[in-house]
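In what follows, a single structure is set out as structure tokens and then discussed.
Read the figures in this text as sums done on the coordinates, not as results from a lab. As the structure is a prediction and not an experimental result, all values here were calculated from the model. Cβ atoms come from the backbone with ideal geometry, glycine included; neighbour counts cover every protein chain shown.
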Amino acid sequence: MRTTALKNLSRLCIHSITTKPWAIETAAQKFSAAGVSGITVWRDALIGRNIQQTGQLLRNEGLDIVSLCRGGFFPGLDSAKRLVAIDDNKKAIEEAEALGTNLIVLVCGADPGLSLEDSRKQIRDGIAAIIPAAKAAGVRLAIEPLHPMYADTRSAINTLKQANDMCDELNSPWVGVAIDVYHLWWDPSLEFEIKRCGANQNIFAFHICDWNVPTTDMLLDRGLMGEGCIPIKKIRSWVESAGFIGFNEVEIFSNKFWQADQNQFLHNIIEAYQIKS
Ligand code: ZN
């Protein structure tokens, strides 16, 4: 009988929000003990903490701090709101620098009072406004296209083509894309667009989870890899063929899993990563 070697965990990263019931300190210990190599930190996990010390604690556990989630939310009907967003993104850049990561994921935002085209213009202007601060801090910005079901308030960038077009327009080595299978798996132009951002060395992050069938909540019912209908291995092969050698980041928002035993959930994540992704 032939046995297949399990994937090692050297490229496995887990988002802090995936195991939301755990404080960041607990998550760091548990991830490290389980052999996970990286962590992406959500800003809410840093509330009330010394960010520099938290970064050190994560590194002491042997974890790579892959990115900070999240910046963005640039569009707004009134200019005051847009300025607040730019300030908040500059703050996120400072937090990333203090934490010791060189990447921020941008959930770009949308305002239902604006057309999607106008929201995208404001996103472009918002990112352009923070590029100098990002460059000064050595922090890259990853535009994450979101599934069109979030085009009302979360992001007017809904396809990898739109993200690639915006990267072309901004034309900065500090701006690239985050490819999340949950948001993009349905797109018939996905392979082509992955090749396109690969050619520009613009793939900054790769997020994985699965699409539950049926999905019972638009936001908080993501599945574990292998539970749903996303061809994760196929998309990963495209991303790798395009030259991406970074982490596979497990990002799961799930009321179901957050209510479960997190130790068992972590075990299941690792198994699913090795076999189903
Ligand atoms: Zn994501």
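Quick notes on this structure:
- Rounded to the nearest 20 debye, the dipole size of segment 12-276 about its Cα centre is 300 debye, using +1 on the Cβ of Lys and Arg and -1 on the Cβ of Asp and Glu.
- Percent RCO, i.e. relative contact order, over segment 1-40, from Cα pairs under 8 Å lying at least 6 residues apart: 56 percent
- A Förster radius of 41 Å, combined with the Cβ-Cβ distance separating ALA136 from ASP44, puts the computed FRET efficiency at roughly 0.95.
- Toward the positive end of the charge dipole of segment 28-105, with +1 on the Cβ of Lys and Arg and -1 on the Cβ of Asp and Glu, the farthest Cα among LEU103, GLY62, ALA80 is that of ALA80.
- The chain - percent relative contact order, Cα under 8 Å, separation 6 or more: 18 percent
- Shown in residue order for segment 230-235 are the 3J(HN,Hα) couplings computed by the Karplus curve 6.51 cos²θ - 1.76 cosθ + 1.60 at θ = phi - 60°: 7, x, 5, 4, 5, 5 Hz (x for Gly and Pro).
- Placing dummy labels 7 Å off each Cα toward the beta-carbon, the span from LEU220 to LEU83 is 3.5 nm.
- 3J(HN,Hα) couplings calculated from phi for segment 255-264 with the Karplus curve 6.51 cos²θ - 1.76 cosθ + 1.60 (θ = phi - 60°) are, in sequence order, 4, 5, 6, 5, 8, 8, 5, 5, 5, 5 Hz; Gly and Pro show x.
- Percent of beta bridges antiparallel (DSSP, the chain, rounded to nearest 5): 10 percent
- Alpha-carbon Rg/Rh ratio, for the chain, with Rh computed the Kirkwood way: 0.95
- Computed on segment 124-239, with alpha-carbon pairs under 8 angstrom and 6+ residues apart, the relative contact order is 22 percent.
- Evaluating kT/(6 pi eta Rh) at 37 °C and 0.692 mPa s, with the Kirkwood radius of segment 196-241 over Cα pairs in the Stokes-Einstein relation, gives 274 µm² s⁻¹.
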